[in-house]
Every structure is written in structure tokens, then in C-alpha cells.
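K.L.:
Before I ask anything, here is the structure I am working with.
Computed from the coordinates by the stated procedures, all read-outs in this text should not be read as laboratory data. For clarity, every value in this text was computed on a predicted model and none was experimentally measured. Positions of Cβ are generated from backbone atoms using ideal geometry, with glycine treated the same way; all protein chains shown enter the neighbour counts.
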């Protein structure tokens, strides 16, 4: 089974690319979805977050805005939260991979925003990063309701886009059109996930050196 690691900064189009792999029948592990599940009422992260960050959980419900403000202002708090959530997400990832192997999947995608930051490249056969021009990235994130200063702080905390591209095996540029991105995904599937073969794919996928 081939394991593809999918990563990219906020607003780069990673979720769109992951959905395209799903439509082609490639199972996708969504680390962000696992974080949301663990942080939902009754989730595995609620008790440790309550203990580590007093005041951000009220009546069993996480105040995500309060938690985000806390970790953006305190690097030590951010590291503490990342360590906590990383452990829970890795447990879910192990269960996902075990299920995929039982079902004899040809390949899977691990959709993990911090794949490179956490040493995840060692766990995958191919690292794919998504990238877009900064103005497009910011416009996408603003549609989520975040203010420009908050967006700037989040981007500053992430690995720079140029470094993600340098360390990736493949870069998918999502700033053109959805159709172009879909052709890139099909080309990756045809080339990197045997034995499927697709024809007449545009040569628009860039493999990083």
C-alpha cells in the first residue's frame, strides 16, 4: 500500500485536493477532522485541554476562539497543545492505516497540515504540498471569517510555503482553476498509484527537485 502525505499552509487548497483524491476512490485520513472530533463535546481532547488551559472549556464545550487566542499569544502553550493533539491524531491515523490494509487499499492519503513540521515525511512514500499565491491564500482564509491580523499571525507561525515546496516530492499549484488542479491530481494517481492508468493527462504537475 502506497502512503501519500498531503500538506500545505492555511488557505492553500488542501481540502479541495483531498476531496479530489476521495472522488477517485483513494481513502483519505483528515487530521483536521480528527482534531475537531477530539475537541468536540465528549471528545478525547476535552479533559486534557481543560486541565492544560483553564477557562477555554465551558460546560464541556471548547471555546475555539479563546483557545486560538491563547496559543497565538504564547508559543509554549501552542507547543503544549500541538503535542497533546499530535498524540491523539496519531492514534487515529494508526487505526485508519490498519483498516486500509485490511481492505487491501492500493494507496491512501494522509491529509496532515503539520506533516513536515512533525517529521511525518518519514511515514509516507511521497510528500505532496499544495501552494497558491499569497493574495489568493489570504482571500480564501478571509472567507472563513478571520480578520487580517489574525490571518497574518497564523501564516507567520506555519512553515513558509517556499520551504514546504522545497521539501516536497510534488507541488500542486491551486491558484489557477479547479479543472487544472483536478488534472494534476489525476496525473499523480496515474503515475504514482499503480496499477491504475489514466490517459491524456496534461503535464501540469511539477515534481520538486
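K.L.:
What number, rounded to the nearest 500 deg cm²/dmol, is the helix-based mean residue ellipticity at 222 nm of the chain, given -39500 (n - 2.57) per DSSP H run of at least four residues and division by all its residues?
P.N.:
Only helices count here, giving -15500 deg cm²/dmol.
K.L.:
A further question follows. Kirkwood hydrodynamic radius (Cα pairs, Å) of the chain?
P.N.:
18.2 Å
K.L.:
Remind me, relative contact order of the stretch 38-104 in percent, using alpha carbon pairs under 8 angstrom and six or more residues apart?
P.N.:
24 percent
K.L.:
Return the tail of the calculated pair distribution for the stretch 38-104, meaning the percent of Cα-Cα pairs more than 18 Å apart.
P.N.:
Tail fraction, whole percent: 42.
K.L.:
Pulled fully out, how much extra length does the chain show between residue 51 and residue 64, if you take 0.36 nm times their separation in residues and subtract their Cα-Cα distance?
P.N.:
Taking residue 51 through residue 64 to full extension adds about 3.1 nm, to one decimal.
K.L.:
Averaging over all projection directions, find the projected area of the Cα convex hull of the stretch 107-189 and quote it in nm² with one decimal place.
P.N.:
Computed as one quarter of the Cα hull surface, the answer is 6.0 nm².
K.L.:
So how much slack lies between residue 3 and residue 152, counting 0.36 nm per residue of separation and subtracting their Cα-Cα distance, in nm?
P.N.:
Gain on stretching residue 3 to residue 152: 50.4 nm.
K.L.:
Just rank 57, 89, fewest to most, by other beta-carbon atoms within 10 angstrom.
P.N.:
In order of increasing Cβ crowding within 10 Å: 57, 89.
K.L.:
Oh, and also: Can you give the % of DSSP beta bridges in the chain that are antiparallel, to the nearest 5?
P.N.:
Percentage antiparallel, nearest 5: 20.
K.L.:
Could you work out how far helix 14-23 tilts from the main Cα principal axis of the chain, as a 0 to 90 degree angle to the nearest 10?
P.N.:
It is inclined by approximately 50 degrees.
K.L.:
Quick check on the exposure proxy: order 40, 131 from fewest to most C-beta atoms within 10 angstrom.
P.N.:
Fewest-to-most ranking of 40, 131: 40, 131.
K.L.:
Please determine, in degrees from 0 to 90 and to the nearest 10, the orientation of helix 64-73 with respect to the longest principal axis defined by the Cα atoms of the chain, where the helix direction is its Cα long axis.
P.N.:
Approximately 90 degrees, to the nearest ten.
K.L.:
Neighbouring Cβ atoms within 10 Å as the yardstick, rank 7, 16 fewest first.
P.N.:
In order of increasing Cβ crowding within 10 Å: 16, 7.
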